[in-house]
Each structure stands twice: as structure tokens, then as C-alpha cells.
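Below is one structure, written out as C-alpha cells; comments come after it.
Read the figures in this text as sums done on the coordinates, not as results from a lab. The shown structure was predicted, so the numbers you read here are calculated from the model rather than taken from an experiment. We place every Cβ from the backbone using ideal geometry, glycine too, and count neighbours over all the protein chains shown.
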Amino acid sequence: MPGGGDSIASVSSALDDPQTRTDLAATRAGALRWLGGGAVAVVLGVLVGVATARVTRDGGERVPGAGLLVLVLVLLGLCALVVGVGSYVRVTAWTRGLGRTTWQPGRLRIAGPAALRVEPTGGGEDVDLQLLSTATWRTRAVQRLADADVRIARVGDRRWVLTADGAGTVYGAKEL
């Protein structure tokens, strides 16, 4: 966020910050990619299944591995759809939560692979969090923020999001 912590005080909610809106849009785009990829995989699986059935019905030879391909495409597509829906629901809840709160600046301390502690900059009680994501790349991205200045916001009951300058996304966490 350009201008550092000064611009935090000038907004009425975390959602009023342009960087927050950009980070949420990037997170939402990731959810939509999962949804789109899952839908494409399911449709492709169905089309391959229909084409294979038609070839076989019209007297052609069976296509080796077509059934397995259909099964894999449909199952992976359904999994991707579930991940996409979950991610989209989560980012929607975060958006609503960020509209009701402000960012709190702090310093991130890493206590383990997904265990975090944020020490508020202006004093106050430390916030112990567990990262919600189990994706290795997201966990490592947060670990690279160790000892960095971050912004956190409570977005629900025991639910928080955090971000940092240049992160390009928001990370979900829950209180320990």
C-alpha cells in the first residue's frame, strides 16, 4: 500500500483501501479460475464419454483408456469445482467482513509452518493465528513475511485476514 500506515487511518473501513480491493479481486480471480477449470474438465469429460459411446455404438473399435480418462476428468473437475466454490464463498465473507472493520498494523512472527503471531504496532495484545490455507505455496509465501510489517483485520468470529505491501492477495487465518 503506497504511503504506508498513514493511509490506514484515512479510510473508514479496510474495504475502502484501494490495495485491499485489488488484493481481494486477485483472490476472487483465483477462485473463479478453479471454478472455470473444474467446469471445463467436467464438460470435457462428458464430451469424451459421449464421443466414445457414439464411436462404439456406430460399430467402431473401443478407445483404450477412454473410460479412465472420462472418470479422471469428471472427478478432478468436481474437486476443482468444490475448491472454487469454497474459495469464492470465503472471499465473499472476507469482503463483507472487511467492509465492517479497519486494518490493524502489526509485525508478523512465525511460530511454525502454519502458526503465526502478529504483534500489533501500536501496542495491545498479540494475536495468535493459524493459517487456513494448506497449499504449500501460500504457506511459504506467508513464511517469507516473517518479521515483516503486515496488516490484519478480524472478519468474523475468530476469523482474520492478513496482508502485506506487495503481497497481492489476502491470507485467511483463524485464532488459535
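Report, to one decimal in Å, the Kirkwood hydrodynamic radius for the chain based on all distinct Cα pairs. Display every interim value, and only then the final one.
Numbers: mean 1/r = 0.0547 Å⁻¹.
About 18.3 Å for the chain.
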Inset, instruction - Name the residues whose placed amide hydrogens come within less than 5 Å of the amide hydrogen of Trp103, ignoring near sequence neighbours (fewer than 5 apart) on the same chain. - result: Ala14
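Please tell me the relative contact order of the chain in percent, rounded to the nearest whole number, where contacts are Cα pairs under 8 Å and at least six residues apart.
Details: 275 pairs, mean separation 40.7, N = 176.
Computed over the chain, the figure is 23 percent.
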Legend entry - Charge dipole (the chain, unit charges on Cβ, about Cα centre) - positive-most of Ala115, Leu47, Trp137: Leu47
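Please state the charge dipole magnitude for the stretch 20-88, taken about the Cα centre, from unit charges on C-beta atoms (+1 on K and R, -1 on D and E), reported in debye and rounded to the nearest 20. Intermediate results must be reported in sequence, preceding the final value.
Working: 6 positive and 3 negative charges, 26 e Å.
My answer is approximately 120 debye.
Translational D (Stokes-Einstein, µm²/s) of the stretch 19-98 at 4 °C and 1.567 mPa s when Rh comes from the Kirkwood sum over C-alpha pairs?
Values: Rh = 14.3 Å.
Calculated translational D: 91 µm²/s.
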Inset, instruction - For n ≥ 4 DSSP H runs only, could you compute -39500 (n - 2.57) per run for the chain, divide by its residues and tell me the 222 nm figure to the nearest 500? - result: -17000 deg cm²/dmol
Inset, instruction - Assign unit charges at the C-beta atoms only (+1 for Lys and Arg, -1 for Asp and Glu), then state the dipole size of the chain relative to its Cα centre in Debye, rounded to the nearest 20. - result: 560
Legend entry - Most mobile listed residue (Asp147, Asp17, Asp157) in the chain, GNM with C-alpha springs under 10 Å: Asp157
Legend entry - Among Arg144, Arg33, Arg117: highest mean-square fluctuation, GNM of the chain, C-alpha pairs under 10 Å: Arg144
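First check a/c for the stretch 103-175, with a ≥ b ≥ c the square roots of the eigenvalues of its C-alpha gyration tensor; if it is under 1.5, answer rounded, and if not, answer prolate when a/b is larger than b/c or oblate otherwise.
It comes out rounded by the Cα gyration axes.
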Legend entry - For the chain, with +1 on Lys and Arg beta carbons and -1 on Asp and Glu, the positive-most of Thr163, Gly67, Trp34 along the dipole: Gly67
